[in-house]
1. Here is a check on your reading of the model: is Val333 at pLDDT 95 or above, surrounded by 13 or more Cβ atoms within 10 Å (Cβ to Cβ), under 20 Å from the mean Cα position of the chain (by Cα) and of a type in the set (A, V, I, L, M, F, W, C)?
2. Would you confirm, using the coordinates I've provided, whether Gly178 is in contact with a helix residue (DSSP H, G or I) (Cβ under 6 Å, 6 or more places away or on another chain) and either modelled with pLDDT under 85 or not in a strand (DSSP E or B) (or both)?
3. May I ask you to list the residues in the stretch 327-367 that are touching a residue at least 24 places away in the same chain (Cβ under 8 Å) and among the polar types (S, T, N, Q)?
4. Can you pull out the residues in the stretch 259-284 that are without any contact (Cβ under 8 Å) to a residue 24 or more places away in the chain and of a type outside the set (A, V, I, L, M)?
5. Looking at (1) under 25 Å from the mean Cα position of the chain (by Cα); (2) at pLDDT below 95, which is the only condition Met300 fails?
6. If you check Asp131, Asp144, Asp88, which single one turns out to be touching a helix residue (DSSP H, G or I) at 6+ places or on another chain (Cβ under 9 Å), under 28 Å from Pro317 (Cα atoms) and either touching a residue at least 60 places away in the same chain (Cβ under 8 Å) or crowded, with 19+ Cβ neighbours inside 10 Å (or both)?
7. For the stretch 291-346, enumerate the residues that are of a type in the set (S, T, N, Q), touching a strand residue (DSSP E or B) at 6+ places or on another chain (Cβ under 7 Å) and closer than 26 Å to Lys250 by Cα.
8. Can you find a residue that is surrounded by 14 or more Cβ atoms within 10 Å (Cβ to Cβ), more than 22 Å from Trp288 (Cβ to Cβ) and at pLDDT 85 or above anywhere in the stretch 225-235?
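The values are calculated or read from the model by the stated rules, or taken from the named source; none is laboratory data. Keep in mind that this is a model prediction, so the values were computed, not measured. Glycine also receives a Cβ, built like all others from the backbone with ideal geometry; neighbour counts cover every protein chain displayed.
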Amino acid sequence: MKRFLLAALVLFMVAGTAWAQDKCPMAKVEVSGYLAPNFRMIDKGEDVNSDLGFGLAFNRFTFAGMQEVGPIVKKIGWKVEADLPSTDSIDLIYAYVHAYFTEAISARFGHVKEAFGREWLHPTYNLLTADRLITPLMAHEGLDYAGYSYGLELHLKQEMFSFVAGAYDGQGRESFVGDQDPDLDFALRAAVNPMPELQIAGSLMLKSLPGEPGAFGWFHSPDDGTYLDDAEEYQTNSAMAWELDFDYQKAFSPTTSLWLQGEFGMGDNWELGADDPAEDDTWEDYEWFQFQYFYVKALMMATKGFGVYLGFANWDPNTDSDLGENDGFSKIVPGIVYKWSDYTRTQAEVQLFTEQQGLDAEGDEVDDETYTNFVLQQVLVW
């Protein structure tokens, strides 16, 4: 069945391209993709067998185009992208239309990335490291500040700055609108370019949190489509996160260059529950514990083809001085890369994880757990 769907997708892209070029001679249509077969050793801890084997980090197919349309909306672009990283999954990545009112002002409507965080918005095929450092940690916590979602975005782009404002479905669910909660998420992102080599940016995300009462108090209840129009049975709270980031790229010669990237952010960790609620508080009264994170990456190309890189990331799920001691997570990633061309590279990296284990009954710090993973990855953009 999966093979049939894959064949149908490829045939659809090819047929769509031929149709568009025949019926819309002014349209620019392209079929492209990128994939990353890899070999991994995933450490599961002391006295536990590691996972060892081959797979795909991503396997994307993209159908995109652009067409001149009229005096108000000058151009409309579109993009449909799917990921088939394994034989039993097909993930929708992008499915949107992009209307350009001018070269500077446009709107994007459909299934998109929520506009929060540099690492999350950075394209997959051009990551400095084999994997994203911080985004998986946030996703593991289930916070969903950065993710794919249906929504509407307004884009403003000039030579020196850019701005994105977005409204997204309440929980980023990939389903019919009848299965979503009644509230939306909102994001703002702005970036400035003080010099050609440097971009500085920041994002703000406001997330809706629908709640319903249960046997043990109020709880988060996303996307079940059964909300009652009753303040006693349905309440909404919200959570907020913000981040600041930068990207610096400097070429010292035609063959040597440096690429630096970093991000720092904080926000409400509503997954941990309410922070010291009063006895009579309901869902809309709750305040949340705070998380904090940062990462930095550096890629140094010593020649046109060969480079070395290093990444470091830290995640603290709870910054509370009493309840959040010794509960962080850090990751160090040294690696090497060889770029065979602008469209293909081979990289090998070691991933060093340190996971703090909190406090024991006497209040002393428990020994950290450490893990060492290895990744050998081939990236091809076609």
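1. For Val333, the condition - at pLDDT 95 or above, surrounded by 13 or more Cβ atoms within 10 Å (Cβ to Cβ), under 20 Å from the mean Cα position of the chain (by Cα) and of a type in the set (A, V, I, L, M, F, W, C) - is met.
2. So Gly178 fails the test.
3. Hits for the stretch 327-367 are Ser330, Thr344, Thr346, Gln347, Gln351, Thr354, Gln356, Gln357.
4. Selection gives Gly273, Asp276, Pro277, Glu279, Asp280, Asp281.
5. (2)
6. Asp144
7. Once the filter is applied, which keeps residues that are of a type in the set (S, T, N, Q), touching a strand residue (DSSP E or B) at 6+ places or on another chain (Cβ under 7 Å) and closer than 26 Å to Lys250 by Cα, the stretch 291-346 yields Asn314, Thr344, Thr346.
8. No.
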